[in-house]
Amino acid sequence: MNQAFPNNSASGADMSNQLGDEQATGLGLSWPMDARIGHRFLDHPRGLRMHWLEAGNPKHPAVLMLHGFPELAFSWRKLLPLIASQGFYAIAPDLRGYGATTGWDSRYDGPWQKASMMQLVADVVGFLQGIGVREVHSLIGHDFGSPLAGWCSLMRPDLFQRLVLMSAPFSSPATMQPVDPHRADHVDAAFAQLNPSRKHYQIYYTTEHANRDMLQCPEGLKAFLRAYYHVKSADWAANQPHPLDDRSASTMAVMPTYYIMRADENMAQTVLSHHPSQDQVLGCKWLPDDELAVYVDAYKRTGFQGGLNWYRCAWDPSVQFAQQAYAGAKLRLPTLFLAGEADWGMYQWPGDLEAMQAACLHFEGAYRIPAAGHWLQQEQPLAVMDYLERFWQRS
């Protein structure tokens, strides 16, 4: 293994707090997880106060994990000690818009463009600089953290040595099409013509009412999050993903309604109709109630708008135009893709999985993990770890 530079930040002890200190307790950070995992805080040069989790020796090679929506650094709680046990310094931050990281604007009409990919890459790079990590052995991204990891690797290949993408294929600018400034309108119109009318969840997430729909649903935030995590997991038997032939509305409408929603329902209504039974909740070993409570407490405090702004940027033509500067660029790092067998995420945009492989100069394979849905690092952490170890051995 290549050795990373040590954490040589002179003020590290001053700018961070360990689990159990007054600030962490005030934010409710006494979380149910391995005692080897610690909480820390960083005053970020871009105005954030970033919270992150760590396990292992800061002098060891660093493995950085980036979460998606609606998740937290806590989503990596099962992998952090496993990775650290292999001789790495495992780190996972709450990203802009999430968790105990502060300094971002939660208003819908605030500066939401700060959640564009290029801005988020700057967040990640500034975070690493702030904690004194100059080289990352492996960068791992899940869900929306997957395209962020891809962009980090594309823009700063000097900083990252290996790349692991999970659940969401990276839509590389090597395959970018000319920007359609009315893309969202065209997609909306196509789904609206179906019978019954449908809508794409990502476009719904750009609306002003999406945050309120989920945060203030009549059944309560806990019920919403329990149902959301359930329907996208392997626990929901209706998840039977398969490749799709094209991006027509009629073809994509075979995906579950948490992707291609009914036009007359919001996301809370969509997932709560599939809320697990009490027996299923009690049998959910990968996300028991005390762990679910961490997410409930976090989103009760922050709302969802910070994360939803990432979707707004993803569909904003001006952001897409800016990313065109990288058209033709390819990923040069050894790259691995992992997804759960019950995860529709790898197929949600037909053609992206194949395009990602073609855009990687050193693609190490795409693998589906049995008995896992979208939350594979929580549902099957040991299997994920097994793939990571094999990837590290051969790359």
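Scanning the range 76-111 for residues that are in a helix (DSSP H, G or I) and either modelled with pLDDT under 95 or buried (at least 22 other Cβ atoms within 10 Å of the Cβ) (or both) yields TRP76, LEU79, LEU80, ILE83. Specify the residue that is farthest from PRO381 (Cα to Cα); the eligible residues are those in the range 224-257 that are open to solvent by 20 Å² or more (accessible area, probe 1.4 Å) and assigned to a helix (DSSP H, G or I). Going through the qualifying residues, I end up with SER250. Counting the residues of the range 45-69 that are at pLDDT 95 or above, part of a loop (DSSP other than H, G, I, E, B) and more than 13 Å from GLN378 (Cβ to Cβ) gives 8.
Each row is one residue, and each column tells you yes or no for (1) open to solvent by 10 Å² or more (accessible area, probe 1.4 Å); (2) small (Gly, Ala, Ser).
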position	(1), (2)
PHE127	no, no
ILE131	no, no
LEU154	yes, no
ASP158	yes, no
GLN177	yes, no
ALA210	no, yes
GLU219	yes, no
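LYS285 falls short on exactly one of the conditions (1) more than 19 Å from the chain's Cα centre (by Cα); (2) surrounded by 15 or more Cβ atoms within 10 Å (Cβ to Cβ); (3) assigned to a loop (DSSP other than H, G, I, E, B); (4) at pLDDT 95 or above, and that condition is (2). Note on the range 316-361: among residues that are within 19 Å of the chain's Cα centre (by Cα) and of a type in the set (Phe, Trp, Tyr), the one that is nearest to SER248 (Cα to Cα) is TRP349. Scanning the range 368-395 for residues that are closer than 28 Å to GLY328 by Cβ and modelled with pLDDT of 95 or more yields one hit, PHE391.
Right, GLN378: open to solvent by 40 Å² or more (accessible area, probe 1.4 Å) and within 21 Å of the chain's Cα centre (by Cα) or not? Here the answer is no, as GLN378 does not meet what is asked. Within the range 318-343, the residues that satisfy the criterion of being touching a strand residue (DSSP E or B) at 6+ places or on another chain (Cβ under 8 Å) and either basic (Lys, Arg) or modelled with pLDDT under 95 (or both) are LYS330, LEU331, ARG332.
I'd like to know if the range 26-44 contains one or more residues that are at pLDDT 95 or above and part of a helix (DSSP H, G or I). Within the range 26-44 (the criterion being at pLDDT 95 or above and part of a helix (DSSP H, G or I)), the answer is no, since none of the residues qualifies. Scanning the range 381-395 for residues that are open to solvent by 50 Å² or more (accessible area, probe 1.4 Å) and either without any contact (Cβ under 8 Å) to a residue 40 or more places away in the chain or of a type in the set (S, T, N, Q) (or both) returns ASP386, ARG390, GLN393, ARG394. Might you let me know whether the range 263-279 holds any residue that is hydroxyl-bearing (Ser, Thr, Tyr) and part of a helix (DSSP H, G or I)? Yes: one or more hits. Assess whether SER197 counts as being at pLDDT 95 or above, among the small types (Gly, Ala, Ser) and surrounded by fewer than 19 Cβ atoms within 10 Å (Cβ to Cβ). Here the answer is yes, as SER197 does meet what is asked. Please identify the pairs in which a residue from the range 48-73 that is more than 22 Å from GLN161 (Cβ to Cβ) and of a type in the set (Lys, Arg) has its Cβ atom under 7 Å from the Cβ atom of a residue that is open to solvent by 10 Å² or more (accessible area, probe 1.4 Å) and assigned to a loop (DSSP other than H, G, I, E, B), counting only partners at least 6 apart or on another chain. Matching pairs, first to second residue: ARG49/GLY103.
Every test in (1) of a type outside the set (Phe, Trp, Tyr); (2) open to solvent by 40 Å² or more (accessible area, probe 1.4 Å); (3) within 20 Å of LYS330 (Cα to Cα); (4) in contact (Cβ under 8 Å) with a residue 24 or more places away in the chain is passed by PRO147 save one, and that test is (2).
What about VAL296, is it among the β-branched types (Val, Ile, Thr), under 24 Å from TYR204 (Cβ atoms), part of a helix (DSSP H, G or I) and open to solvent by 10 Å² or more (accessible area, probe 1.4 Å)? So VAL296 passes the test. Screening the range 137-173 for residues that are among the aliphatic types (A, V, I, L, M) and in contact with a Cys (Cβ under 9 Å, 6 or more places away or on another chain) and picking the one that is nearest to ALA92 (Cα to Cα) gives LEU139.
Find the helices (runs of 4 or more DSSP H) located wholly in the range 300-367 whose residues include 2 or more that are surrounded by 22 or more Cβ atoms within 10 Å (Cβ to Cβ) and in contact (Cβ under 8 Å) with a residue 24 or more places away in the chain, and list them. Here the list reads 305-314, 352-359.
The values are calculated or read from the model by the stated rules, or taken from the named source; none is laboratory data. Given the structure is predicted, the values throughout are model-derived calculations rather than measurements. Because the Cβ atoms are built from the backbone with ideal geometry, glycine has one as well, and the counts that use them run over all protein chains shown. The protein model used for the area step is the full one, side chains on, heavy atoms only, and it has no ligands, DNA or RNA in it. Shrake-Rupley method; radii C 1.70, N 1.55, O 1.52, S 1.80 Å.
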